[in-house]
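So the structure is just underneath, and the comments pick up after that.
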Amino acid sequence: DSGVTQTPKHLITATGQRVTLRCSPRSGDLSVYWYQQSLDQGLQFLIQYYNGEERAKGNILERFSAQQFPDLHSELNLSSLELGDSALYFCASSRGAGYSPLHFGNGTRLTVT
Amino acid sequence: DQQVKQNSPSLSVQEGRISILNCDYTNSMFDYFLWYKKYPAEGPTFLISISSIKDKNEDGRFTVFLNKSAKHLSLHIVPSQPGDSAVYFCAASAIRGGGADGLTFGKGTHLIIQP
């Protein structure tokens, strides 16, 4: 058990809808990261938050947004969903102090129909 | 453009033998490298890491080697066990260069340990 909790585990929704994925980091970790894993793709970095502030952005679409709350949990909001957004979405956390590994949750599987 | 490449999609090794997984990178700013193991329906699990000031790091049956001039790293598992069957991801980050702490991942190698 990595200590990173993601909810829900599965999500099925229709095109055009909006969903929110939730992540609770490991105790003591200040950084939260979001990754997307599509079929035949590796893990694509979306966005990082450190202690409530956005720190880095990767390949995140404008339809997607995230935030990290004062209690350090994070939410990833996906809107105007398209079929191609179907993927596994992973959250990871780390101490955020440079050379520290990321620890991943078990992901949310999003299916857009 | 793939900055981290794992050129072998799969690898089959006999139980008890050495498993060697390879990874190449192109970004010379990368200075922190990690290996993750992933089982189906689970998130990646951190295995071992190495910073660019070292060329080897060992943890039990797992050893990571880094060749900076060749921009190549490898993960050695000795001896290989059935529970090692999983997908292994190589990842890299540019910490010192002020880049994001987010990791760049390879596409993974599926390791199969045969009895």
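Residue check, B:E58 against (1) over 21 Å from A:H103 (Cα atoms); (2) surrounded by fewer than 13 Cβ atoms within 10 Å (Cβ to Cβ); (3) away from every other protein chain (no Cβ under 11 Å); (4) not hydrophobic (A, V, I, L, M, F, W, C), all met but one. Which one?
Just one mismatch for B:E58, condition (1).
Out of the stretch A:20-29, which residues are modelled with pLDDT under 95 and either crowded, with 17+ Cβ neighbours inside 10 Å or within 11 Å of another protein chain (Cβ to nearest Cβ) (or both)?
Listed by number, the list holds a single entry, A:D29.
Being among the hydroxyl-bearing types (S, T, Y), over 13 Å from the mean Cα position of the chain (by Cα) and under 25 Å from A:A87 (Cβ atoms) is true for just one of B:Y25, B:Y39. Which residue is that?
One residue alone meets the criteria, B:Y39.
From the residues in the stretch A:68-109 that are on the phi > 0 side of the Ramachandran plot and surrounded by fewer than 17 Cβ atoms within 10 Å (Cβ to Cβ), which one is farthest from the other protein chains (Cβ to nearest Cβ)?
Among them, the one singled out is A:S80.
Can you pull out every residue in the stretch B:1-31 that is surrounded by fewer than 20 Cβ atoms within 10 Å (Cβ to Cβ), hydrophobic (A, V, I, L, M, F, W, C) and assigned to a loop (DSSP other than H, G, I, E, B)?
Across the stretch B:1-31, the qualifying residues are B:I18, B:M29.
Checking the structure you have, find out if any residue of the stretch A:31-54 is away from chain B (no Cβ under 13 Å), touching a Pro at 6+ places or on another chain (Cβ under 8 Å) and at pLDDT 95 or above.
Looking through the stretch A:31-54, none of the residues is away from chain B (no Cβ under 13 Å), touching a Pro at 6+ places or on another chain (Cβ under 8 Å) and at pLDDT 95 or above.
Output the residues belonging to the stretch B:32-86 that are in contact (Cβ under 8 Å) with a residue 12 or more places away in the chain, in a loop (DSSP other than H, G, I, E, B) and among the hydroxyl-bearing types (S, T, Y).
Scanning the stretch B:32-86 gives B:Y39, B:S52, B:S80, B:S85.
Looking only at the stretch B:59-76, how many residues end up being out of contact with any His (no Cβ under 9 Å at 6 or more places or on another chain) and more than 23 Å from A:L43 (Cα to Cα)?
Here the count works out to 6.
Exactly one of (1) at the interface with chain A (Cβ under 8 Å from one of its Cβ atoms); (2) at positive phi is unmet by B:K71. Its number?
(1)
Which of the residues spanning the stretch B:15-32 are in contact with a Phe, Trp or Tyr (Cβ under 9 Å, 6 or more places away or on another chain) and modelled with pLDDT under 95?
B:D31, B:Y32
So A:G42 fits all but one of (1) surrounded by 15 or more Cβ atoms within 10 Å (Cβ to Cβ); (2) of a type outside the set (S, T, N, Q); (3) in contact (Cβ under 8 Å) with a residue 40 or more places away in the chain; what number is the exception?
(3)
So, in the stretch B:36-49, how many residues would count as being more than 10 Å from chain A (Cβ to nearest Cβ) and crowded, with 17+ Cβ neighbours inside 10 Å?
Selection size over the stretch B:36-49: 1.
Please work out if B:H110 is in a strand (DSSP E or B) and in contact with a Pro (Cβ under 9 Å, 6 or more places away or on another chain).
Yes.
The values are calculated or read from the model by the stated rules, or taken from the named source; none is laboratory data. What you see is a predicted model; the values in this text were computed from it and never measured. A quick note on method: Cβ atoms are made from the backbone with ideal geometry, for glycine too, and the neighbour counts reach across all protein chains shown.
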